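Remarks on the structure that follows.
The values are calculated or read from the model by the stated rules, or taken from the named source; none is laboratory data. Predicted, not measured: the structure shown is a model, and the values here were computed from it. Cβ: placed from backbone, ideal geometry, glycine included. Neighbour counts: every protein chain shown.
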Amino acid sequence: MTYSEIFILGWNLNAMMFVVNLSLVFFVFRNKNPKELEKESRTLQKLKMEFDNYYPNRKYETMISYAIPFTAFLRISFKLIEMISFFSKNKGTHIYDFMIYKYQTDINKIKK
């Protein structure tokens, strides 16, 4: 396998994870009503603004991770495993609960 084939495989895996992320978003949007989504969005927006104060370059890190082969694949795979373990430990929770948990734990880590 040549280096170019390895790079192409890595970018294809990154693209696959991008599609997995988008399908997860569409699944959540389809299963919620607009009023619920708006309320959850406001709460998440406040947490994201605080998170962005501590990690101002996070969006650039994400964009760069999709450009480097295998990076987004590994990063998103880890997040999916983390999400699945969160759901298995906390029955009856949703992605919204996981996002709140994740933002709050990341914010609390930096505050300590």
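Residues considered: VAL25, VAL19. Of these, the only one that is part of a helix (DSSP H, G or I), at pLDDT 90 or above and of a type in the set (Val, Ile, Thr) is VAL19.
Being out of contact with any Cys (no Cβ under 6 Å at 6 or more places or on another chain), over 25 Å from ILE110 (Cα atoms) and loosely packed, with under 12 Cβ neighbours inside 10 Å is a condition met by no residue of the range 49-60. Scoring THR93 on the criteria (1) surrounded by fewer than 10 Cβ atoms within 10 Å (Cβ to Cβ); (2) outside any helix (DSSP H, G or I); (3) among the polar types (S, T, N, Q) leaves a single failure, condition (1). Does ILE64 fit the bill of being part of a helix (DSSP H, G or I), of a type in the set (Val, Ile, Thr) and either touching a Lys or Arg at 6+ places or on another chain (Cβ under 7 Å) or in contact (Cβ under 8 Å) with a residue 24 or more places away in the chain (or both)? Answer is no for this residue.
This table checks each residue for (1) of a type in the set (A, V, I, L, M); (2) surrounded by 14 or more Cβ atoms within 10 Å (Cβ to Cβ).
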residue: TRP11; (1), (2): no, yes
residue: LEU47; (1), (2): yes, yes
residue: THR62; (1), (2): no, no
residue: PHE70; (1), (2): no, yes
residue: ILE76; (1), (2): yes, yes
residue: PHE87; (1), (2): no, yes
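Taking the range 37-69 as the range and being closer than 27 Å to MET16 by Cα, aliphatic (A, V, I, L, M) and under 15 Å from the mean Cα position of the chain (by Cα) as the test, the residues that pass are LEU44, MET63, ILE64.
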